[in-house]
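Worksheet: the structure to be examined is printed underneath.
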Amino acid sequence: MKTASLSGSSRGSVGKKDANQLRKDNRVPGVLYGGGEQKHFSVKELDISKLVVNPDVFRINLDIDGESFDCIIQEVQFHPVTDRIVHLDLLQVVPGKPVRVDLPLRTTGTAVGVIAGGRLSMLFRRVAVRGLADDLPEFITIDVSDLQIGDNVRVKDIEVPNCTVLLNDSTLLAAVKRTRAAMSAASEEEDGDGEASAEGGEEAAAE
């Protein structure tokens with residue numbers, strides 16, 4: 001995974017009033033857990049927003065008042081109206097202990113079916129996996145080059161070394177679907193073949 005640094009400050013009070021004041025000051029209250037005692041902190045809203053809205057997943061070096069922690073984002077809560085980040089949960093990375101992460105799902109190549117007029121449909125943008133932090137890749141890649149119209153890629157078709165994909169093997173990840181344009185083109189080809197056969201039959205009958 002990619003790495004990033006984040007600077008935070010300890011929270012002296014963890015009440016609702018204190019959290020609201022932090023948000024007014026453009027800071028986000030958060031909790032770090034997984035390494036023993038929970039630590040309550042706050043970070044600049046702008047700093048955490050850059051990591052949250054990013055399509056990549058980051059392993060974060062969190063500094064709280066001079067003390068560093070290796071962690072990952074576990075949960076982010078947003079305001080239902082403004083979409084501002086209102087709370088952050090970070091999970092401390094402990095050596096030898098697996099973590100759960102939603103990895104970006106990306107494609108490579110151009111599907112044969114798309115060239116033929118089909119459309120590539122992605123059912124998932126991220127895939128949940130579990131593994132040691134050191135084994136987690138930046139993203140999962142699927143090669144769609146050989147996919148014809150009607151073909152698909154399921155969880156059983158991908159491999160994430162040393163990690164477990166937390167979805168059923170039959171879960172559909174991507175598929176090349178037939179478009180109206182492709183159906184129309186296929187119909188025209190069939191009509192053309194039919195007309196050619198009819199003309200051939202008429203010529204044979206005339207002879």
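For this structure, a couple of remarks:
- Residue check, T110 under 30 Å from K156 (Cβ atoms), among the β-branched types (V, I, T) and open to solvent by 20 Å² or more (accessible area, probe 1.4 Å): yes
- Looking at segment 75-171, the strands (runs of 3 or more DSSP E) lying wholly inside it that each contain 2 or more residues that are in contact with a Pro (Cβ under 9 Å, 6 or more places away or on another chain) sit at 85-92, 99-108, 126-131.
- Scan of segment 14-49 for residues that are in a helix (DSSP H, G or I), free of Cβ contacts under 8 Å to residues at least 40 places away in the same chain and among the charged types (D, E, K, R), ordered by number: K16, K17, D18, K24
- Unmet requirement for C71, which otherwise passes all of (1) touching a Ser or Thr at 6+ places or on another chain (Cβ under 9 Å); (2) open to solvent by less than 20 Å² (accessible area, probe 1.4 Å): (1)
- Cβ pairs under 8 Å, 6+ apart, first in segment 151-166 and without any contact (Cβ under 8 Å) to a residue 60 or more places away in the chain, second of a type in the set (V, I, T) and in a helix (DSSP H, G or I): V165/V155
- Filter pass, N20 being open to solvent by 50 Å² or more (accessible area, probe 1.4 Å), at pLDDT 95 or above and not aliphatic (A, V, I, L, M): no
The values are calculated or read from the model by the stated rules, or taken from the named source; none is laboratory data. This is a predicted model, so every value here is computed, not measured. Methodologically, a virtual Cβ is constructed for each residue, glycine included, from the backbone with ideal geometry; neighbour enumeration extends over all protein chains shown. Just so you know, the surface numbers come from the protein's heavy atoms only, side chains and all, with ligands and any DNA or RNA stripped out. Shrake-Rupley method; radii C 1.70, N 1.55, O 1.52, S 1.80 Å.
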